[in-house]
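Here the structure is laid out as structure tokens; the discussion comes afterwards.
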Protein chains: 2
Amino acid sequence: MNPKKVPESTISRLFVYLREVIELTRMSINTISSAELGERTNLSDTQVRKDLGYFGQFGVSGSGYNTHELKSQLEKILGKDKVWNVAVVGAGHLGRALLAYPGFQNHGLNIMAAFDIDAKKVDKQVNDIAIKSLDDAPRVIKEKNISIGIIAVPAKEAQDVANRLVSAGIECILNFAPVSLTVPEHVKIKDVDLSRELETLSYFLANKKNN
Amino acid sequence: MNPKKVPESTISRLFVYLREVIELTRMSINTISSAELGERTNLSDTQVRKDLGYFGQFGVSGSGYNTHELKSQLEKILGKDKVWNVAVVGAGHLGRALLAYPGFQNHGLNIMAAFDIDAKKVDKQVNDIAIKSLDDAPRVIKEKNISIGIIAVPAKEAQDVANRLVSAGIECILNFAPVSLTVPEHVKIKDVDLSRELETLSYFLANKKNN
DNA sequence: CAATGTTTGTGAATATTGTTACAAGGTTTT
DNA sequence: AAAACCTTGTAACAATATTCACAAACATTG
């Protein structure tokens with residue numbers, strides 16, 4: 001299925017292309033060149049072509065890519081036809097923001113459950129989802145066939161939550177806690193560290209001044 | 001100040017090391033080897049040494065790194081002695097979660113202002129910060145000497161907001177909107193695209209099944 | 001329909017990032 | 001204080017990722 005190994009950065013960019021191509025089809029633009037698509041996504045034309053090249057030949061020399069075809073090809077490549085069930089652990093500000101975020105549905109991601117250890121939060125309702133005790137997680141994760149877990153708890157508790165999710169059968173984790181989690185080989189983990197992102201910006205600012 | 005160009009990924013990892021080293025000093029551990037530090041951060045020992053090597057020689061052959069010294073060196077390198085003022089644009093769920101996030105203060109980041117276009121939200125108070133009209137942004141950004149802007153508005157409005165921030169003098173943008181923004185060369189932009197992160201995970205899941 | 005202009009797809013060249021290997025320097029043991 | 005042991009720092013190497021460059025394919029023009 002993957003003739004040559006595709007870099008993760010390519011996958012990430014494919015989503016960007018798809019987003020743009022969807023916008024183009026909405027605007028009834030039927031054709032786009034790699035150069036234009038690159039311009040719209042702040043990437044080079046070759047980057048666009050090379051990325052797409054991993055998956056076949058969608059373009060037409062002399063005119064470019066048909067946006068409708070490219071859209072459906074990208075959707076197929078990226079598994080947009082599939083739907084995954086997601087659980088959010090941690091019903092603090094961030095967790096609740098995620099529960100309320102409307103974008104997930106459009107991307108084949110169904111938030112099916114939310115968990116917290118705080119008894120005061122348990123059984124409260126956020127956006128049609130009842131917050132459940134973390135102790136119920138193993139059962140609910142299996143019952144509802146959830147395969148993606150989002151960790152939105154404080155750093156201290158994150159490793160424990162990760163362990164519970166993994167032993168409940170979760171295969172992918174999106175981790176918002178600012179710690180390096182240890183998980184078994186087969187579990188895919190992705191860190192989103194907001195402070196770190198901001199701090200990187202502040203490093204950039206600090207060093208800009210020194211020039 | 002940068003004898004060799006330092007990869008951004010190195011900078012990002014330095015924050016991870018710092019986080020770990022702070023924890024170590026709290027635990028009164030005074031010395032750590034690159035191997036141990038690597039283990040704690042899920043990185044290789046050489047990676048650790050190479051990253052630190054960009055900035056000088058902090059280690060002692062035979063014993064490792066002094067955690068206290070490493071901590072203060074990293075803090076200096078990463079500009080943790082400096083403080084930056086931040087503005088959040090968009091007071092929806094995400095924007096409010098950011099306003100409520102206690103972590104920023106600890107990282108030399110002061111959220112000084114929040115803006116929204118929705119008149120219903122203007123002048124409401126979130127965590128001691130009054131939400132102001134986006135029209136006030138240029139004035140406030142200059143008055144309060146704000147250099148980092150966080151965009152937490154819907155995709156459609158993001159480019160307009162970016163333009164306003166840039167012309168108000170913002171130098172760094174953390175963008176949560178799922179669009180590719182265009183900004184002048186001198187402005188540093190960082191995208192945090194939650195759907196994209198999750199989608200990458202879902203791509204991973206989709207392709208796992210096919211093996 | 002030939003001539004000119006575009007644009008793709010991809011090998012080859014380059015650049016960047018990460019890993020290996022090991023000499024040099026420091027620590028601990030006996 | 002010699003011997004055995006650890007750990008750093010880095011040069012050489014390997015792996016990845018990106019950019020260049022151009023032939024081949026198609027489109028457009030006169």
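Laboratory data are not the source of any read-out in this text; all were calculated from the coordinates shown. Since we're looking at a predicted model, the values are computed, not measured. For neighbour counting, all protein chains shown are included, and Cβ atoms are generated from backbone atoms with ideal geometry for every residue, glycine included.
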Fraction in percent of alpha-carbon pairs per bin - 5 Å, segment A:129-176: 5, 22, 34, 27, 11, 1
Sum of -39500 (n - 2.57) over DSSP H runs of 4+, divided by residues of chain B (222 nm, nearest 500): -13000 deg cm²/dmol
Those aspartates and glutamates that a straight Cα-Cα span of less than 14 Å connects to A:K76, excepting residues fewer than 8 apart in one chain: B:E199
At R0 = 30 Å, FRET efficiency that the Cβ-Cβ distance of A:A35 and B:K50 yields, to 0.05: 0.25
Rounded to whole Å, sorted largest first: equivalent-ellipsoid semi-axes of segment A:1-110, Cα gyration tensor: 29, 16, 13
Isotropically averaged projected area of segment B:86-177, using the convex hull of Cα atoms (one quarter of hull area), nm²: 5.2
Extended-chain gain in nm, criterion 0.36 nm per residue less alpha-carbon gap, A:V83 and A:I117: 9.5 nm
Fraction of beta bridges assigned by DSSP in chain A that are antiparallel (%, nearest 5): 20
Residue mean of other protein chain beta carbons inside 10 Å, A:166-179: 2
Residue closest to axis [chain A; rotation mapping onto B; Cβ; Å]: A:A97, 2
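How many percent of all Cα-Cα pairs in chain A sit more than 24 Å apart?
Numbers: 12042 of 22155 pairs.
Result: 54 percent of Cα pairs exceed 24 Å.
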Computed log₁₀ I(q)/I(0) - Debye formula, equal Cα scatterers, no solvent, segment A:148-200, q 0.21, 0.23, 0.24, 0.29 Å⁻¹: -0.68, -0.79, -0.86, -1.18
Volume per residue that the Cα convex hull of the protein assembly as shown spans, once the total is divided by residue count, Å³: 169
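Mean 1/r over all different Cα pairs, inverted: what Kirkwood radius does segment B:40-102 give, in Å?
Result for segment B:40-102 stands at 14.9 Å.
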Alpha-carbon centroids, segment A:154-183 and segment B:104-131: separation in whole Å: 30
Under the Karplus curve 6.51 cos²θ - 1.76 cosθ + 1.60, θ = phi - 60°, whole-Hz ³J(HN,Hα) for segment A:117-131, x wherever Gly or Pro sits: 8, 6, 4, 5, 8, 4, 6, 6, 10, 10, 6, 6, 10, 7, 6
B:E75 paired with A:N145, simple spin-label distance in nm, labels 7 Å along Cα-to-beta-carbon: 5.2
Cβ-Cβ FRET estimate between B:H68 and A:S9, R0 fixed at 51 Å, reported to 0.05: 0.85
Cleavage-rule hits, trypsin sites (Lys or Arg not before Pro), segment B:76-173, DSSP coil, Cβ neighbours within 10 Å at most 16: B:K82, B:K120, B:K124, B:K144
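Per residue of B:187-198, what is the mean number of Cβ atoms on other protein chains within 10 angstrom of that residue's Cβ?
Numbers: counts 0, 5, 2, 5, 3, 5, 6, 10, 8, 8, 8, 14.
If you average over the peptide's residues, the count of other-chain Cβ atoms is 6.
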